[in-house]
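First comes the structure, then the notes that go with it.
The values are calculated or read from the model by the stated rules, or taken from the named source; none is laboratory data. None of these values were measured; they are calculated from a predicted model. All Cβ positions, even for glycine, are placed from backbone atoms using ideal geometry, and neighbour counts span all protein chains on display. Heavy atoms of the whole protein, side chains included, go into the accessibility calculation; ligands, DNA and RNA do not. Shrake-Rupley method; radii C 1.70, N 1.55, O 1.52, S 1.80 Å.
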Amino acid sequence: MLARSLEPVRAHGGTQVSVAVLEPSTGRRAVYGPQTHITASVAKVDILAALLLFAQREGRSLTEWETSTAAAMIQSSDNDSADALWRRIGGAEGLAEANKTLGLTSTRPGPDAHWGLTRTTAADQLTLLKAVFEDRSPLSEASRRLIQSFMGRIDPDQAWGVSAEGSRWQLKNGWLQRSASRRWAVNSVGRVKAHGSTFYVVVLSHGSPTMSHGVSAVERATRTAVHTLCGTPPPVAPIIG
């Protein structure tokens, strides 16, 4: 049902999407698309989770510098902050080590300093969201509260994507224009409250001709995924851009 509902997104502009949605209160879930996508700035949630795991292992809280740098990385999607924390966790090797603890099985860290070229699947990102938002997690309660707080205070100009469905949200978005094809990868992950329930939503996409087209496609996919899980027809909205 989800695959049929998402077909108009793929048909308009050639955008390829992968989607995962979970209603934690009931356990109902749906996943569409097994392929890997580059994360772009969505990787920043994973980087912060890795940093927190390393701090937990050392029996400490984040330093003042780590906390302020992490806030800038998530809330404003600051790339210099991500560069600094990528080095702090040990780059690709550090992220891979953390991902084993977090239960991610299909995420490949980007090479060298290129954290934005980390490749992942919608199912793996759903696993990461569960680690961020649920009690049964390798992340401590304090660590989860910190990530949730940052994801709930995203800069207003970046508060799109999974926030398209629901009135309350915590999210992180990522976007990157590929140098060879000039097409866009646009992603959004997070938790939303909608229809009297809570949902974890992951939408990964690539191949959009413009960023605005990618944002529109991600938001339509979000609405489609939540409505499909609720058993209600999604609103039909045009994909712009």
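Taking Thr210 as the residue in question, decide whether it is touching a Pro at 6+ places or on another chain (Cβ under 8 Å) and of a type in the set (Val, Ile, Thr). Give the derivation first.
On the way: touching a Pro at 6+ places or on another chain (Cβ under 8 Å): no; of a type in the set (Val, Ile, Thr): yes.
When the stated conditions are applied, Thr210 does not pass them.
Would you say Ala70 is buried (at least 17 other Cβ atoms within 10 Å of the Cβ), farther than 18 Å from Ser140 by Cβ and modelled with pLDDT of 95 or more? Talk me through it step by step, then tell me what you get.
Details: buried (at least 17 other Cβ atoms within 10 Å of the Cβ): yes; farther than 18 Å from Ser140 by Cβ: no; modelled with pLDDT of 95 or more: yes.
No, not satisfied.
Quick one: is Leu128 free of Cβ contacts under 8 Å to residues at least 60 places away in the same chain, aliphatic (A, V, I, L, M) and either touching a His at 6+ places or on another chain (Cβ under 6 Å) or open to solvent by less than 40 Å² (accessible area, probe 1.4 Å) (or both)?
Against the criterion (free of Cβ contacts under 8 Å to residues at least 60 places away in the same chain, aliphatic (A, V, I, L, M) and either touching a His at 6+ places or on another chain (Cβ under 6 Å) or open to solvent by less than 40 Å² (accessible area, probe 1.4 Å) (or both)), Leu128 does not qualify.
How many residues does the stretch 1-29 hold that are at pLDDT 85 or above and crowded, with 17+ Cβ neighbours inside 10 Å?
The qualifying residues number 9.
Of the residues that make up the stretch 43-52, is at least one open to solvent by 20 Å² or more (accessible area, probe 1.4 Å), of a type in the set (A, V, I, L, M, F, W, C) and within 20 Å of Gly94 (Cα to Cα)? Walk me through it before giving the result.
Residues of the stretch 43-52 that are open to solvent by 20 Å² or more (accessible area, probe 1.4 Å), as a first pass: none.
Within the stretch 43-52, none of the residues are open to solvent by 20 Å² or more (accessible area, probe 1.4 Å), of a type in the set (A, V, I, L, M, F, W, C) and within 20 Å of Gly94 (Cα to Cα).
Before we move on, is Thr36 of a type in the set (Ser, Thr, Tyr), surrounded by fewer than 20 Cβ atoms within 10 Å (Cβ to Cβ) and over 18 Å from the mean Cα position of the chain (by Cα)? Even if it seems obvious, please write down each step before you answer.
Working: of a type in the set (Ser, Thr, Tyr): yes; surrounded by fewer than 20 Cβ atoms within 10 Å (Cβ to Cβ): yes; over 18 Å from the mean Cα position of the chain (by Cα): no.
When the stated conditions are applied, Thr36 does not pass them.
With the requirement that a residue be of a type in the set (S, T, N, Q) and in contact with a Lys or Arg (Cβ under 9 Å, 6 or more places away or on another chain), what does the stretch 125-175 give you? Even if it seems obvious, please write down each step before you answer.
Keep residues of the stretch 125-175 that are of a type in the set (S, T, N, Q), which gives 125, 127, 137, 140, 143, 148-149, 158, 163, 167, 170, 173.
Within the stretch 125-175, Ser137, Gln148, Gln158, Ser167, Gln170 qualify.
Looking at (1) among the hydrophobic types (A, V, I, L, M, F, W, C); (2) open to solvent by less than 40 Å² (accessible area, probe 1.4 Å); (3) without any contact (Cβ under 8 Å) to a residue 60 or more places away in the chain, which is the one condition that is false for Ala113?
Just one mismatch for Ala113, condition (2).
Please go through the stretch 140-185 and pick out each residue that is in a strand (DSSP E or B), without any contact (Cβ under 8 Å) to a residue 40 or more places away in the chain and open to solvent by less than 40 Å² (accessible area, probe 1.4 Å).
Let us first name the residues in the stretch 140-185 that are in a strand (DSSP E or B), namely 168-177, 184-185.
Within this subset, residues satisfying the condition of being without any contact (Cβ under 8 Å) to a residue 40 or more places away in the chain are 168-171, 177, 184.
Selection gives Gln170, Leu171.
So which helices (runs of 4 or more DSSP H) are wholly in the stretch 1-106 and hold at least 1 residues that are within 23 Å of Arg178 (Cβ to Cβ) and of a type in the set (Lys, Arg)? First the steps, then the outcome.
Details: elements: 2-11, 43-57, 64-75, 79-88, 91-102.
By residue number, 2-11, 43-57.
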